[in-house]
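The values are calculated or read from the model by the stated rules, or taken from the named source; none is laboratory data. Being a predicted model, the structure only gives us computed values, none of them experimental. Because the Cβ atoms are built from the backbone with ideal geometry, glycine has one as well, and the counts that use them run over all protein chains shown.
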Amino acid sequence: MRVYHFVNKEYGIQDLQKRRLKIARLHELNDPFELFGVEFSNEDIRSAFHKMKTELTKKRGLICFSKSWHNPVQWSHYADKHQGLCFGFDIPDHHLGEVNYSRKRLVIDAERLKNPGNITFSFAKRFLFTKYSHWSYENEVRGFISLDKETEEKGLYFLDFSDSLKLKEVIVGSESDITRQEISDSLSGYNINVNCFKARLAFKSFRVVRQRKESLWL
């Protein structure tokens, strides 16, 4: 599956140079309802899910992608107001899960939470892939990654580019001052063909599209 990851200039250039993406932790995400898409009127359910989130944050992180790079809102929110970058990756489908967007909180039977053994990652996956419907413009897919010493650096966690995270596109934001040379230098020695190009705002729609005039990207 071809998926897209938005990032600002500073971290985007670092990602290219070091061939990796940062793994986000559950408590770092910008949606406070992450894992909390459940109806919480029952105190036992509230308590169980807060504990579950705490435990999952210690063991797993995630990387979020979109199935499209054309939405200007995502460029504004996640790529520093169109000044950053968007990476296109080819990732095996079985490593990703599509987010389900819902207008209503999910209902769960509190009895299932009485046994702590029921609170497993497989049990939590339904809730980890559910978000409020107003986020649907992101068209999100996400991958969950186990946190271990191999992915850790100074308290942060990263996932290296690989056959399961294969960089195929680098898209430079329409308002970005990132040059061709900067991208070329950052990709120096990378032995996979990467399609690099500049974006622009569409003339007839509210979309971000490819800049076809190569001379306008220095």
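Things to note:
- One residue from GLY88, GLY155, GLY117 being over 22 Å from LYS59 (Cα atoms) and either at pLDDT 95 or above or loosely packed, with under 15 Cβ neighbours inside 10 Å (or both): GLY88
- Matching residues, segment 55-107, being of a type in the set (A, V, I, L, M) and more than 15 Å from the chain's Cα centre (by Cα): LEU56, LEU106, VAL107
Condition check ((1) more than 30 Å from ILE171 (Cα to Cα); (2) at pLDDT below 90; (3) surrounded by fewer than 19 Cβ atoms within 10 Å (Cβ to Cβ); (4) not hydrophobic (A, V, I, L, M, F, W, C)) across all residues:
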residue	(1), (2), (3), (4)
ARG25	no, no, yes, yes
ASN30	no, yes, yes, yes
GLY61	no, no, no, yes
PHE65	no, no, no, no
LYS81	no, no, yes, yes
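- Here the condition is being surrounded by 13 or more Cβ atoms within 10 Å (Cβ to Cβ), over 18 Å from CYS64 (Cβ atoms) and touching an Asp or Glu at 6+ places or on another chain (Cβ under 7 Å); of VAL194, VAL141, VAL172, it holds for VAL194 alone.
- Among the residues of segment 5-23, none qualifies, meaning not one is in a strand (DSSP E or B), touching a Lys or Arg at 6+ places or on another chain (Cβ under 6 Å) and under 23 Å from ASP93 (Cβ atoms).
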